[in-house]
Amino acid sequence: MEKIDLIQTIHRRLQQSPEGINRLTLTLELNCTPPELSDAIATMQKQYGAPIQYRNSDRTYYYESEQPEFQLPGIWLTAQELRGIVTVLNILRELNDGLVANELDQVQQQLQDYMQQRGLKADDITQRVKVLSVGRRSINNVVYQQVTDALFGRKQIEIQYASIKQTISRRSISPQTLVLYRDNWYLDAYCHQRQQLRTFMLSRINSAVISAEDAIEFNSHELKQHFHNSYGIFSGENTHTAELLFSAHVAHQVAQQQWHPHAKGQWHGDDYQLTLPYNDQRELLRDLLAYAPDVQIMAPAELKEAYFQRLKDALSKSEAYSRTIKF
């Protein structure tokens, strides 16, 4: 550990332990040698005026309690923390696809300047940590800003929303939560026209204007009950339970995947049985089709029928398309 990181970590540990920390314990926790520890503490005392005392009876370092709470001057972050923050900013930039770019640029530039002063290379992070987003849909920057401003300002929004069939509707909504799910942004909101909580895909919001009306508020328990009990992004109370059996070929992969907080799995020999709640079958069907032919739908009957119909439709269209192509 570099000396500047060692100093920061010692400071934090002494703040967390007013009673003091044994010298040997510190060296083991910080993975440093006794001379390195002594040198770092001496630097803290001489250069930064840290009120560190040493108790010979139990070989313990501590901050003098009679002194005002001591803080290291300036901004102190360890190399690991700096890399972590810059990595998160890079991920956010990639996932936001240019949204709030100016704000991120300013923060990232300050952090990169600080890293340069520390002798750290910010470019190493972009070269060694990459985020590859698949299936991400572009979002209008003005829409994103209006939505976030209304969300934190607790105001209603007037939106033009396009359905999957590109039917345009006008809605007045009270935003509740902005959600990043599978590389795409969604807005949980109360729709005043439908008088229901709904989930809106931001890429389908063609325009958004903040209203002067205050947003209708829902507490976290109500939102969780509505939006997070069912499988996938589609909201609503659980009305169905899927019983699925995955063959040995994909069983271990399925068992390691987080499907739903209330999902239950058990092994049947080399096969894996999964039970999970859902409200809307659309997303569940898409995910199950990705596991064909290694998944068997045990229940309910309507999910099994819809799955078979999707397979039949795909096969029928594929055969029809093949007949029109001349090789």
statement: When (1) in a strand (DSSP E or B); (2) at pLDDT below 95 are applied to Glu158, the one that fails is (2)
- request: Tally the residues that are in contact (Cβ under 8 Å) with a residue 12 or more places away in the chain, open to solvent by 30 Å² or more (accessible area, probe 1.4 Å) and in a helix (DSSP H, G or I), restricting the search to the range 1-60.
  value: 10
message: So, Val142, is that one at pLDDT 70 or above, under 30 Å from His192 (Cα atoms) and open to solvent by 50 Å² or more (accessible area, probe 1.4 Å) or not?
response: yes
- prompt: Among Gln253, Gln296, Gln258, which is the only one that is open to solvent by 40 Å² or more (accessible area, probe 1.4 Å), of a type in the set (S, T, N, Q) and in a loop (DSSP other than H, G, I, E, B)?
  reply: Gln258
task: Kindly establish whether Thr324 is exposed (fewer than 13 other Cβ atoms within 10 Å of the Cβ) and either at pLDDT 95 or above or more than 30 Å from Arg154 (Cα to Cα) (or both).
output: yes
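Among the residues of the range 157-177, write down those that are farther than 21 Å from Arg286 by Cβ and open to solvent by less than 20 Å² (accessible area, probe 1.4 Å).
Going residue by residue through the range 157-177, those that are farther than 21 Å from Arg286 by Cβ are 157-161, 167-177.
Those that are farther than 21 Å from Arg286 by Cβ and open to solvent by less than 20 Å² (accessible area, probe 1.4 Å): Ile157, Ile159, Ser172, Ile173, Ser174, Pro175.
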- request: Name, by its number, the condition in (1) at pLDDT 90 or above; (2) outside any loop (DSSP other than H, G, I, E, B); (3) open to solvent by 40 Å² or more (accessible area, probe 1.4 Å) that does not hold for Glu81.
  value: (1)
- prompt: Only one of these conditions is not met by Glu29: (1) over 32 Å from the mean Cα position of the chain (by Cα); (2) farther than 30 Å from Gln108 by Cα. Which number is it?
  reply: (1)
Tabulated pairs, the range 108-122, first within 15 Å of Asp5 (Cα to Cα), second part of a loop (DSSP other than H, G, I, E, B) and at pLDDT below 75, C-beta under 6 angstrom, 6+ apart or interchain: Met115/Ala122
query: Tyr231 passes all but one of (1) in a loop (DSSP other than H, G, I, E, B); (2) open to solvent by 60 Å² or more (accessible area, probe 1.4 Å); (3) touching a residue at least 40 places away in the same chain (Cβ under 8 Å); (4) not acidic (Asp, Glu); which number fails?
result: (2)
- request: Scan the range 277-285 and give yes if some residue there is more than 29 Å from Leu180 (Cβ to Cβ) and either modelled with pLDDT of 95 or more or not in a strand (DSSP E or B) (or both), otherwise no.
  value: no
- line: Of those in the range 178-222 that are open to solvent by less than 20 Å² (accessible area, probe 1.4 Å) and outside any strand (DSSP E or B), the residue nearest to Gln146 (Cα to Cα) is Leu202
message: Checking the structure you have, find out if any residue of the range 65-72 is open to solvent by 90 Å² or more (accessible area, probe 1.4 Å), out of contact with any Lys or Arg (no Cβ under 6 Å at 6 or more places or on another chain) and either at pLDDT 95 or above or acidic (Asp, Glu) (or both).
response: yes
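The values are calculated or read from the model by the stated rules, or taken from the named source; none is laboratory data. Nothing here was measured: the structure is a model prediction, and the numbers come from that model. Note that each Cβ is placed from the backbone with ideal geometry, even for glycine, and that neighbours are counted across all protein chains shown. Surface accessibility is based on the protein's heavy atoms, side chains included, excluding ligands, DNA and RNA. Shrake-Rupley method; radii C 1.70, N 1.55, O 1.52, S 1.80 Å.
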